[in-house]
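Chemist: Handing you this structure, nothing more for now.
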């Protein structure tokens, strides 16, 4: 496996992983019609433009298998909600459903954490849906729930909460032990 900085040409693969993950992981959180309406073509265009115009403090990493097929990605950068005690944020972390439980998620998290440390960020949070089936992943790395709120998803309000790490170096150490 290879992890590298994502490029705009990765937009299609990233979009497929993201939408497929939503359809699988959130089938008990959102109505079937909501998930079926997720539009690959529209999201590919959005993701390509986004990847072409990333902020200086944002990084996207793609994980590729030995055949150079993208099987996961992670996004991180500056914390976006103005939570004063947290400087960095893991914006998203997705691994293809048929590549789960192989350590890919941990390696991608490690890349984001190292990137944030390189930017001299000392802390990080991640917002996730309350019913996210991957919560245990963040708990395994001693993430603590630090906030909860409602978020609007195209007219559907759902509870989300943030896991936080006040010591990013300590999280980095935990990741390196895996």
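Here, each number is a calculation from the coordinates, and none is a lab measurement. For clarity, every value in this text was computed on a predicted model and none was experimentally measured.
Chemist: Provide the gained length on full extension for the span residue 56 to residue 117, in nm with one decimal, where the gain is 0.36 nm per separating residue minus the Cα-Cα distance.
Modeler: Additional length available on full extension: 20.5 nm.
Chemist: Once the piece of chain linking residue 28 and residue 178 is laid out straight, how much longer is it, given 0.36 nm per residue of separation minus the C-alpha distance between them?
Modeler: 51.0 nm
Chemist: Have a look at segment 94-172 and give its Rg and Dmax from the Cα atoms, expressed in angstrom.
Modeler: Radius of gyration, then largest Cα-Cα span, for segment 94-172: 13.7, 38 Å.
Chemist: Per residue, what volume in Å³ does the Cα convex hull of segment 1-99 take up?
Modeler: For segment 1-99, the hull spanned by Cα atoms encloses 122 Å³ per residue.
Chemist: On a full-extension model of 0.36 nm per residue, what is the gain between residue 167 and residue 151, subtracting their alpha-carbon distance, rounded to one decimal in nm?
Modeler: Full extension of this stretch gives 3.1 nm more.
Chemist: Additional query: Taking the square root of 5 times each eigenvalue of the Cα gyration tensor, what semi-axes in Å does the equivalent ellipsoid of segment 2-176 have, largest first?
Modeler: So the three semi-axes of segment 2-176 are 23, 20, 16 Å.
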